[in-house]
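We did not get these values from a lab; they are worked out from the coordinates using the rules stated. Treat the numbers as computed from the prediction; the structure is a model and nothing was measured. Positions of Cβ are backbone-derived with ideal geometry, glycine not excepted, and every protein chain shown enters the neighbour counts.
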2 protein chains.
Amino acid sequence: MGAEAERAAGGREEWADVTPDAARRLVSAAVEAFAERGYHATTTRDIAGRAGMSPAALYIHYKTKEELLYRISGIGHEQALRIMGAAAAAEGTATERLGDAVRAFASWHAEHHTTARVIQYELQALGPEHYAEITDLRRRTDRALRQIIQDGADTGEFRADDVPGTTLAVLSLCVDVARWFSADGPRTPDEVGALYAGLVLRMVGAETV
Amino acid sequence: MGAEAERAAGGREEWADVTPDAARRLVSAAVEAFAERGYHATTTRDIAGRAGMSPAALYIHYKTKEELLYRISGIGHEQALRIMGAAAAAEGTATERLGDAVRAFASWHAEHHTTARVIQYELQALGPEHYAEITDLRRRTDRALRQIIQDGADTGEFRADDVPGTTLAVLSLCVDVARWFSADGPRTPDEVGALYAGLVLRMVGAETV
């Protein structure tokens with residue numbers, strides 16, 4: 001679903017996998033509340049109120065505030081991993097795969113900037129087991145990107161003296177789109193993706209740009 | 001003061017301009033509290049407690065929590081602007097100035113990562129007048145970097161088809177160091193600065209790297 005269509009659908013597409021409808025409304029309300037006031041300043045009562053529900057009705061779906069954050073963080077990180085994993089596993093040269101990965105990853109962080117902020121900035125609020133599980137998703141995303149960059153270094157397509165450092169910088173560049181992106185700004189998510197793909201291909205010294 | 005010396009001084013150098021000592025202790029305590037729990041979840045009582053003072057003693061120096069955030073944000077943004085402005089105004093080619101700017105700006109965000117997180121993530125909590133004032137500092141920092149990149153495009157040192165977009169990406173890359181940097185990680189602030197200067201010079205197509 002493109003940016004326009006998703007906006008028209010009120011962002012519901014983002015949480016399509018969350019059922020039933022009441023749970024989906026709670027997840028959506030929690031993301032908004034966490035983004036506005038921070039995790040620690042948000043109460044389950046605030047979240048229930050935003051979703052038009054009672055605290056008791058929230059409790060049927062989520063026992064704690066942390067459980068909501070974990071659900072949001074899991075869905076967001078799984079989407080990010082899926083994007084990066086698909087680019088890594090695709091056919092094509094390392095240059096093509098890196099361009100596609102950055103285009104998709106940066107535009108995802110623009111499109112889903114509210115969710116992306118919450119899952120990045122509130123990591124420390126997860127309980128130890130949930131934190132470990134999310135960290136594993138992050139490592140796999142990092143590994144998928146690192147593999148593309150390593151492939152390009154191996155074939156001579158890229159000049160990357162420091163593959164882990166370059167991987168870190170590329171991920172960081174894309175993730176930080178969520179901080180500065182505004183739907184009212186001059187660039188669409190797709191335009192950010194195209195700009196960043198070009199910049200990153202130059203950063204690794206790819207020949208085609 | 002280098003990274004090691006500042007750590008040895010317990011980070012006090014960062015707030016050296018804040019006097020008297022009680023006000024400096026409050027600023028330092030507020031940064032830690034905001035970084036840990038978020039601005040909205042922190043009370044002036046929390047901050048006073050961390051500084052080993054009573055809420056009444058805090059009130060002598062800062063009338064509101066927002067005033068503390070404004071002070072922190074002002075000092076942090078002024079330091080960032082000073083670094084970028086010095087690089088823009090320095091002698092040397094655009095390539096040298098961009099390398100120096102990125103090296104200094106990225107390593108500042110590593111060294112001062114706790115402060116940098118607070119001033120980036122809690123911008124919306126500033127009152128309207130303070131927000132406008134801080135936004136002006138941010139615009140001037142952006143303008144200083146943009147000038148360096150424009151100079152390099154004008155002399156033919158850089159290939160930068162989209163100067164505002166490239167400026168945005170370079171600033172974003174450096175700012176996001178504050179999110180992922182850890183003093184326990186494998187890279188020192190100076191190493192991050194060196195890595196990023198090299199990556200950014202390649203990103204703009206500078207010849208010397």
(request) Would you mind counting up the charge near A:ALA94? Only other residues with Cβ under 10 Å from its Cβ, with Lys and Arg at +1 and Asp and Glu at -1. (result) -3
(message) Debye calculation, C-alpha points only, no solvent: report log10 I(q)/I(0) for the stretch B:26-75 at q = 0.14, 0.18 Å⁻¹, in the same order as the q values.
(response) -0.26, -0.44
(message) What does the net charge come to around A:ALA33 if you take all other residues with beta carbon closer than 11 Å to its beta carbon, with K and R at +1 and D and E at -1?
(response) +1
(message) Around B:GLY152, under 14 Å between beta carbons, what's the net of Lys plus Arg minus Asp minus Glu among the other residues?
(response) -3
(message) I need the semi-axes of the equivalent ellipsoid of the protein assembly as shown: take the C-alpha gyration tensor, multiply each eigenvalue by 5, square-root it, list largest first in whole angstrom.
(response) 33, 31, 18
(message) Over chain B, with a Gaussian network built from C-alpha contacts below 10 Å, which listed residue (B:VAL31, B:VAL118, B:VAL163) shows the highest mean-square fluctuation?
(response) B:VAL163
(message) Using DSSP H assignments, which helices in chain B have an axial alpha-carbon span of 20 Å or above and a mean Kyte-Doolittle hydropathy of 0.0 or higher?
(response) B:21-37, B:65-89, B:189-203
(message) Let me test this: with uniform point scatterers at the alpha carbons of the stretch A:76-209, what is the Debye-based log₁₀ I(q)/I(0) at q = 0.16, 0.20, 0.22 1/Å?
(response) -0.78, -1.14, -1.31
(request) Per DSSP H run of at least 4 residues, take -39500 (n - 2.57); add these up for chain B, divide by its residues and hand me the 222 nm value, nearest 500 deg cm²/dmol. (result) -23000 deg cm²/dmol
(message) Going by amide H atoms built from the backbone, whose H comes under 5 Å of the H on B:ARG159, apart from near neighbours?
(response) B:GLY205, B:ALA206
(message) Suppose a student asked you for the relative contact order of the stretch A:22-140, using Cα pairs under 8 Å spaced at least 6 residues apart; what percent would you report?
(response) 30
(request) May I ask you to compute the full-extension gain from B:THR19 to B:GLU207, defined as 0.36 nm times their residue separation minus their alpha-carbon distance, rounded to one decimal in nm? (result) 63.0 nm
(message) Please compute the average number of Cβ atoms from other chains found within 10 Å of each residue's Cβ in peptide A:169-179.
(response) 6
(request) Would you work out which of B:ALA16, B:ILE83, B:GLY156 lies farthest towards the positive end of the dipole of chain B, given +1 charges on the beta-carbon of Lys and Arg and -1 on that of Asp and Glu, about the Cα centre? (result) B:ALA16
(request) Consider all pairwise Cα distances in the stretch A:142-200 and report the whole-number % of them above 16 Å. (result) 50
